[in-house]
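The values are calculated or read from the model by the stated rules, or taken from the named source; none is laboratory data. In this text, all values refer to a predicted model and were calculated from it rather than measured experimentally. Virtual Cβ from ideal backbone geometry, glycine too; neighbours counted across all protein chains shown. Each accessible area value is taken on the protein alone, full model and side chains, heavy atoms only, with ligands, DNA and RNA left out. Shrake-Rupley method; radii C 1.70, N 1.55, O 1.52, S 1.80 Å.
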Amino acid sequence: KVNEPPVSKEVTLPWIVKDLVDFTEDQKAARAESDKKIDERVGSFLRMESSSGSESMLFGLLGFDGRLQLPSLWSSSIIRKVKGFQAFFDSFALRDTVGSWTALKYAGGNLLDLDSPLTRMKEQRDIPSHVFYLEEAQTYPTWVKYEKLHAPDGTELKGVRGIATIYLDTFSPSTGEDEVVEEFSRTLETLNAQGVNDIIIDMINNGGGSLSLGMRLAQLLSNEKVVMPQIQFRLSESWLDQFEAATKNGFDSEKEIARRTYETLIGQTKQQQRLSSPFYADILVPTQIQPHSELTTKFNVVLLVNEMCASMCDIFTAILKDNQLATVVGSKTMGAGGNVTSHYQAPNSHLDINQTESLILRADGSYIENNGIEPDVSIEVNQFSDSKYSEVWDRAVELLTEVKP
């Protein structure tokens, strides 16, 4: 009642202490029971065999764009049974034209995304006419268009300049990391050989992904050593276990770097620190970040970003900006945490508990987390989603084709 003092009540909750091994087994049993119930409810509805019997399709609901969509709750147990499907879910990236998960086709034991990267790019971006595509660029589709030059006052000048656009929409592609790096390297070398040294890298709505892949791709843009950001590790068993394991695998130089890092982390753990001292992030892949010596000239790069650029997209943007390798155009990136680790999953709701296990520091010592990266040229990118961000691309072209006196 109004003006009456609040009543305090004490409640005692039961507290169960259980061995971790027993608890894990209980979780497995509960999850298996949950999967069984879901299968009984929707298994026959979601899986339908083709008349030939050679393949099956996972059917779901129609999204607002008219495509088949997978209902995330109903099909959760079936999804886990299909090899590779969970990896697709874990590498989620925003799709401009899709309301939820896009249906995948399961044929002959392989999962194939119904949309290739090139198809996705053509659906989600307004591609100008009279462009040519680079055949080697499969993971990150790349096309070149020749644009007229202009003076700072807008006066058209004689001559044209070839500008390449690379659609880099994720750092968690389905292709293996080494293959992606090799392909990206060939793409850049082809552009370099053709005299196309002006590049627009479109990362609008890139949700992030692999830290090692992002660092390796950033280094490929330069024939000089790129300075990577620093990383502070959460002093937990997960990082200690990783570095301890690294002391036993790889080249001797890699094992020695891992040993020194492990000993440092152990010492800081004993001092009851929660975060380690900063290390350069390429300590995680010490032999894989090398200058791209095959490049003969420096690229002029414009990077397109927006507030949906998260995690590795944040970090990639910071690397290129802090090393003066790119002009960043768009809106401030999200500033999401890097190295998010999934620890547990509730057996019935399938709710994951995720925790950021590291923090990333830029060259000036500021954290990327919760701060994001400010663009050099600010544009409210989300205002142009209906036109597939063509105005943002136009602004990048203007910057690259301006001839200063």
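Quick look at the numbers
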quantity	calculated
Rounded to the nearest 10 Å², the accessible area of TRP143 at probe 1.4 Å	10 Å²
Across LYS145/LYS298; LYS148/LYS298; LYS122/LYS332; LYS248/LYS298, pairs whose alpha-carbon gap is larger than 29 Å	LYS248/LYS298
Mean Cα-pair separation over length for region 142-262, i.e. relative contact order, pairs under 8 Å, 6 or more apart, %	20 percent
Translational diffusion coefficient (Stokes-Einstein; Kirkwood radius from C-alpha pairs) of region 223-281 at 10 °C, 1.306 mPa s, in µm²/s	130 µm²/s
SER238/LYS148 FRET efficiency (R0 41 Å; Cβ-Cβ; nearest 0.05)	0.15
Additional length obtainable on full extension of the chain from THR287 to ASP252, 0.36 nm per residue less Cα span	11.5 nm
Zone residues, region 142-186, relative to ALA193, backbone N less than 13 Å from point 7 Å out along Cα-to-Cβ	185-186
Rounded percent of accessible protein surface that carbon and sulfur make up, region 259-335, 1.4 Å probe	47 percent
Solvent accessible area, Å² - LYS36, 1.4 Å probe, full protein context	110 Å²
Pair ASP394, ILE266: separation of 7 Å Cα→Cβ label points (nm)	6.2 nm
With all protein chains modelled, accessible area of LYS321 [1.4 Å, Å²]	50 Å²
